[in-house]
1. Compactness ratio of region B:125-179: Cα Rg over 2.2 N^0.38 Å, N = residue count?
2. How many Lys pairs in region B:19-178 lie less than 17 angstrom apart by Cα atoms, where the lysines are 8 or more positions apart or on different chains?
3. What percent of all Cα-Cα pairs in region A:103-186 falls in each 5 Å bin, counting up from 0?
4. Going toward the positive end of the dipole of the protein assembly as shown, with +1 on Lys and Arg Cβ and -1 on Asp and Glu Cβ, which of A:HIS165, A:HIS93, A:LEU59 do you reach last?
5. Could you check which residue among B:GLY144, B:GLY156, B:GLY122 shows the biggest mean-square fluctuation in a GNM of chain B with a 10 Å Cα cutoff?
6. Roughly speaking, what is the stretch gain from B:SER33 to B:LEU151, that is 0.36 nm per residue apart minus the C-alpha to C-alpha distance, in nm to one decimal?
7. In what sequence, largest accessible area first, do B:PHE43, A:PHE109 appear using a 1.4 Å probe?
8. Please give the Cα centre distance for region B:107-163 versus region B:77-100, rounded to the nearest Å.
Amino acid sequence: MRFRNSAEGYGIIAQAFHWIVAALVFVQIGMGLYAADLPVSLARLQWLSRHKSLGLGILALVLLRFAWRSLNPPPALPDSMPRWERRAAVATHRLFYVLLILAPLAGWFHASAAGLSVNWFGLMQVPDLVSKDRELAELFKLTHRVLVGLLALLLVGHIGAALHHAFLRRDGVMHRMLPWRPRRNV
Amino acid sequence: MTRRLIPLLFLFVPVPASADDCRAVDGARGSVSFEVRQAGSPFRGMFRGFGGEICFTQDRVTRIDVWLHPATVDTGLPEVDAALKETEFFAVKEFPRLAFASTSVEAREGRQLAHGALHIKGKGHNLDVPFRLQQEEGRWVVSGSLTLDRLRYGIGTGEWSDTRWLGAEVKVVFRAALR
Ligand code: HEM
């Protein structure tokens with residue numbers, strides 16, 4: 001097993017970051033959608049608190065992941081892909097980092113401005129980014145939604161492209177992010 | 001004849017320094033704010049409607065009678081304010097006012113301590129409230145803080161009695177000018 005990326009694929013560190021963040025983002029979107037629709041209740045308080053803590057956890061992971069990626073650049077996409085596709089893929093991946101940093105930051109700004117500070121999984125107090133302000137809270141709430149919406153759109157495109165590579169083109173691109181080798185000539 | 005009696009009258013008029021001076025709490029000049037823990041983090045709000053009367057002699061308080069309208073709660077989150085007015089919290093329709101009345105007031109170093117009873121939601125409990133009475137810019141100002149156990153007064157019943165998510169302790173800070 002390679003820790004670092006190679007010309008053929010991602011190393012296990014990059015893969016672990018990818019799949020852990022991916023799983024957490026799905027859980028996070030589910031919790032956010034569920035909690036945001038609940039009326040004021042203990043369940044809303046509980047689910048939103050978990051959502052806020054997990055969201056900050058994702059933010060921390062994404063920052064670590066970004067640091068690792070800076071030290072260990074991803075393998076180049078194969079020449080078999082048209083240029084525009086390679087460009088689109090690179091742009092998508094960069095935009096993921098932007099959104100995975102800005103979306104939780106907007107959530108954190110929203111929670112701060114709403115006066116609903118975060119205590120990370122009940123373990124430690126997280127500082128507020130701004131002081132309580134109702135109008136700012138509404139603005140950040142909207143910003144959080146828009147950024148998360150963009151993230152969801154990008155996810156649809158990303159997953160669609162990955163599946164296309166895996167099942168239609170079978171060009172090995174998907175396997176760069178998987179810990180096992182492709183079965184050839186199936 | 002009458003002239004000679006005038007000095008005598010003063011014997012019956014209480015000297016201002018020893019008289020009870022009763023004044024209304026100026027609800028517009030002051031604040032009653034609170035802090036409680038939600039999911040482990042401090043959450044703050046205030047009540048906009050309060051009033052009452054405070055009597056004192058010189059700067060020693062002799063009687064306190066104050067009230068507050070819980071329906072004027074303001075946490076900055078309208079949906080939370082609405083929930084706080086419901087039966088699980090203040091039940092403002094049934095109990096529009098909460099009140100504190102002193103039974104005695106003790107002078108302590110630099111501050112005073114009121115012994116009395118706080119009535120919220122039909123439940124009364126004895127409560128000691130430390131406070132100060134000071135003159136600021138020509139006005140008398142009372143200020144102080146206290147900590148309450150919300151569960152003793154039935155504030156946050158049912159699912160809300162889970163104190164891991166909504167703390168039992170409520171810190172209250174008050175400050176008001178007297179008219
Ligand atoms: C990658 C990270 C995150 C994702 C994918 C995400 C996703 C979501 C989603 C899908 C919603 C529901 C949107 C709606 O219907 O209103 C939501 C709501 C919310 N999120 Fe996040 N979130 C993230 C991070 C955070 C963080 C870090 C915080 C705060 C520290 C946060 C605070 C909130 C709050 C308070 C709401 C409820 C908004 C409302 O009142 O409607 N989120 N989030």
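The values are calculated or read from the model by the stated rules, or taken from the named source; none is laboratory data. On a predicted model such as this, the values are computed, not experimentally measured, just so you know. Here the Cβ is made from the backbone with ideal geometry for all residues, glycine too, and neighbour counts use every protein chain on show. Remember, those area values only see protein heavy atoms, side chains included, never the ligands or the DNA or RNA. Shrake-Rupley method; radii C 1.70, N 1.55, O 1.52, S 1.80 Å.
1. Working: Rg = 15.4 Å, N = 55, 2.2 N^0.38 = 10.1 Å.
Dividing the Cα radius of gyration by 2.2 N^0.38 Å gives 1.53.
2. Numbers: B:LYS85/B:LYS93; B:LYS85/B:LYS121; B:LYS85/B:LYS123; B:LYS93/B:LYS121; B:LYS93/B:LYS123.
The number of close lysine pairs in region B:19-178 is 5.
3. For region A:103-186, the binned pair fractions read 3, 14, 15, 13, 10, 9, 9, 9, 9, 7, 3, 1, 0 percent.
4. Going by the Cα projections, it comes out as A:HIS165.
5. In the Gaussian network model the winner is B:GLY122.
6. Values: separation 118, 0.36 × 118 = 42.48 nm, distance 1.83 nm.
Stretched fully, the B:SER33-B:LEU151 segment lengthens by 40.7 nm.
7. Working: B:PHE43 15, A:PHE109 60 Å².
Result of the area sort, largest leading: A:PHE109, B:PHE43.
8. 18
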